[in-house]
1. Kindly provide the set of residues from region 118-131 that are near the ligand (Cβ under 9 Å from one of its atoms) and open to solvent by less than 60 Å² (accessible area, probe 1.4 Å), ordered by number.
2. So which residues in region 117-131 are out of contact with any Phe, Trp or Tyr (no Cβ under 8 Å at 6 or more places or on another chain) and within 20 Å of residue 82 (Cβ to Cβ), if there are any at all?
3. Does residue 106 satisfy the criteria of being more than 21 Å from residue 21 (Cα to Cα), open to solvent by less than 20 Å² (accessible area, probe 1.4 Å) and of a type in the set (A, V, I, L, M, F, W, C)?
4. Before we move on, is residue 79 of a type in the set (Val, Ile, Thr) and farther than 22 Å from residue 38 by Cβ?
5. Residues that are surrounded by fewer than 21 Cβ atoms within 10 Å (Cβ to Cβ), part of a loop (DSSP other than H, G, I, E, B) and within 12 Å of the ligand (Cβ to nearest atom): does region 160-180 have at least one?
6. Output the residues belonging to region 65-100 that are β-branched (Val, Ile, Thr) and within 16 Å of the ligand (Cβ to nearest atom).
7. Sort out for me the strands (runs of 3 or more DSSP E) sitting completely within region 43-157 that have 3 or more residues that are in contact (Cβ under 8 Å) with a residue 60 or more places away in the chain.
Amino acid sequence: MTSNLAIFASGGGSNAEAIIEYFKNSDLGNVALIVTNNENAKVIDRAQNHEIPFYILEAGELEEGEFSDVLIAMEIDFVVLAGFLKKIPQDILAAYPQKIVNIHPALLPNYGGKGMYGKNVHEAVKAAGDTESGITIHYVNENYDEGQVIVQQKVSLAPTDDALEIANKVLALEHEFYPKTIASLLS
Ligand code: GAR
C-alpha cells in the first residue's frame with residue numbers, strides 16, 4: 001500500500017526536495033502535501049515545481065487544534081517534519097501516533113530543545129569544539145526534540161570546520177538518510 005505523506009517545512013526545504021525525489025521512485029510513499037507556516041518559504045516553489053499541493057498555515061491556525069481534520073480529509077497517512085519550526089499540537093499527535101517524524105541536525109540529546117534549530121545548532125557545536133556531529137531522526141511528541149530516537153548518524157568534524165561547513169556536512173547526511181529511513185518506517 002502506498003502511504004500519503006505530508007511534509008511540514010518552514011524554510012528552504014532541501015530535505016523536502018530529497019524526500020520528494022526519493023519517493024518518485026518508490027511505491028511505499030507518495031508526497032501528497034507540503035505544509036508551511038511561512039508564505040515566503042522556498043519549499044513552496046519546490047512544491048509548485050513538482051506539482052504537489054501546498055498549504056500555507058495562517059498565524060495561530062495550527063494552535064487552534066483542528067488542522068488534523070485537514071490532514072485526515074486529505075487522506076494523509078504519515079507526517080514528516082523537515083525544518084519545521086512550530087510545535088506540533090496535541091490534535092495532530094493524537095491522530096498520528098508513531099506516524100510523525102522529525103530530523104534534528106545534531107546528535108540528540110545534545111543541542112536540542114527550543115531555539116535549537118539550523119544555524120544555532122551548528123554554532124553551538126563549533127563553540128563546544130566537538131570533534132563529531134550528526135543527525136537524529138526521531139518520533140515527535142509534545143516536547144521539542146524529545147521523542148523516541150529512530151536513527152542517528154555521525155560525521156567527523158575537522159578543527160578548521162566553521163559552522164557553515166558543519167552545516168553542509170550534516171545536511172549531506174540528512175539528504176542521504178532521511179528519505180530511506182522514512183521508507184523503512186513505511187514498509
Ligand atoms: C535541517 O538541517 C533540519 O535538520 C533542521 O532545519 C534544517 C532544514 O533545512 N531542523 C531543525 O533544526 C529542527 N530542530 P531544509 O529546509 O533545507 O530541509
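The values are calculated or read from the model by the stated rules, or taken from the named source; none is laboratory data. No experiment lies behind these values; they were computed from the predicted model shown. Cβ coordinates were reconstructed from backbone atoms using ideal geometry, including for glycine residues, and neighbour counts include every protein chain displayed. What goes into the accessible areas is simple: the full protein's heavy atoms, side chains included, and nothing from ligands, DNA or RNA. Shrake-Rupley method; radii C 1.70, N 1.55, O 1.52, S 1.80 Å.
1. If the condition is that a residue be near the ligand (Cβ under 9 Å from one of its atoms) and open to solvent by less than 60 Å² (accessible area, probe 1.4 Å), then 118, 121, 122 are the ones that fit.
2. Answer for region 117-131, where residues must be out of contact with any Phe, Trp or Tyr (no Cβ under 8 Å at 6 or more places or on another chain) and within 20 Å of residue 82 (Cβ to Cβ): 117, 118, 119, 120, 122.
3. The answer is yes for residue 106.
4. no
5. no
6. Selection gives 79, 80, 88, 100.
7. 78-81
One line per residue, one yes/no per condition, for (1) surrounded by 16 or more Cβ atoms within 10 Å (Cβ to Cβ); (2) within 15 Å of the ligand (Cβ to nearest atom); (3) not aliphatic (A, V, I, L, M):
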{"residue": "2", "(1), (2), (3)": "no, no, yes"}
{"residue": "7", "(1), (2), (3)": "yes, yes, no"}
{"residue": "10", "(1), (2), (3)": "yes, yes, yes"}
{"residue": "21", "(1), (2), (3)": "no, yes, yes"}
{"residue": "53", "(1), (2), (3)": "no, no, yes"}
{"residue": "58", "(1), (2), (3)": "no, no, yes"}
{"residue": "63", "(1), (2), (3)": "no, no, yes"}
